[in-house]
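The values are calculated or read from the model by the stated rules, or taken from the named source; none is laboratory data. None of these values were measured; they are calculated from a predicted model. Quick reminder, even Gly has a Cβ in these numbers, built from the backbone with ideal geometry, and neighbours come from all protein chains shown.
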Amino acid sequence: MQRVLQGAPSKSRIFSCFVAGAHVFNLPTRHKVTKTVNKKRPVNLDFSTIKLPITALVSITHRITGILLFGGVAALMWMLQASLESAEGFAAVKSLGNHPICHFILFAILALLAYHTAMGVRHLIMDFGIGESLEGGQRGAKIALFVSIVLIALAGVWIW
């Protein structure tokens, strides 16, 4: 019943999708839907044995840094709002900025921003069709990682 979809979808293709959807939602169907799953396939739940390529690692960490930046930008916006509110607020933020923990938090936010920006530029370059091959993707990931390390080091020098 498998057909190559060319042009408009066939009625049998639409019906088979409907039947599969009805099966997912436990709706009554006239046709039996069977699953073909190999129950003897190996299941690996030990994540320490899975070796991801560098392109996957930088992509996953790019997403994680985007999520963490959301909270970091909220903290920076709070500091900006407090400093612009009054002279006392500015003095409080200025005194908070002298604390070593605040230096570390600012460095962490700048490190997240540097990494996320470098990987974002990598993705933009790939959107133009540059570095879409396996070798090009790996080379681009290594270059972007090197650039982010340099930017993080410069942020550390600037903060401390």
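Show the residue pairs that are 6+ apart or on different chains and have beta-carbon atoms under 8 Å apart, the first residue being within region 95-109 and not assigned by TED's automatic domain parsing to the domain that holds ILE152, the second being surrounded by 14 or more Cβ atoms within 10 Å (Cβ to Cβ) and not small (Gly, Ala, Ser).
Here the result reads none, with nothing in region 95-109 linked to a residue that is surrounded by 14 or more Cβ atoms within 10 Å (Cβ to Cβ) and not small (Gly, Ala, Ser).
Report yes if some residue within region 122-133 is surrounded by 13 or more Cβ atoms within 10 Å (Cβ to Cβ) and over 20 Å from the mean Cα position of the chain (by Cα); otherwise report no.
The answer is no, given that none of the residues of region 122-133 is surrounded by 13 or more Cβ atoms within 10 Å (Cβ to Cβ) and over 20 Å from the mean Cα position of the chain (by Cα).
What is the one condition in (1) touching a helix residue (DSSP H, G or I) at 6+ places or on another chain (Cβ under 8 Å); (2) without any contact (Cβ under 8 Å) to a residue 60 or more places away in the chain; (3) under 21 Å from PRO53 (Cβ atoms) that ALA144 does not satisfy?
Status for ALA144: all satisfied but (2).
Table: residues versus (1) closer than 21 Å to ALA144 by Cβ; (2) surrounded by 15 or more Cβ atoms within 10 Å (Cβ to Cβ); (3) in contact (Cβ under 8 Å) with a residue 40 or more places away in the chain.
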{"site": "LEU45", "(1), (2), (3)": "no, no, no"}
{"site": "ARG63", "(1), (2), (3)": "yes, no, no"}
{"site": "LEU69", "(1), (2), (3)": "yes, yes, yes"}
{"site": "ALA74", "(1), (2), (3)": "no, no, no"}
{"site": "LEU84", "(1), (2), (3)": "no, no, no"}
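Answer yes or no as to whether LEU151 is assigned by TED's automatic domain parsing to the domain that holds ALA56, within 18 Å of GLY66 (Cα to Cα) and surrounded by 12 or more Cβ atoms within 10 Å (Cβ to Cβ).
Against the criterion (assigned by TED's automatic domain parsing to the domain that holds ALA56, within 18 Å of GLY66 (Cα to Cα) and surrounded by 12 or more Cβ atoms within 10 Å (Cβ to Cβ)), LEU151 qualifies.
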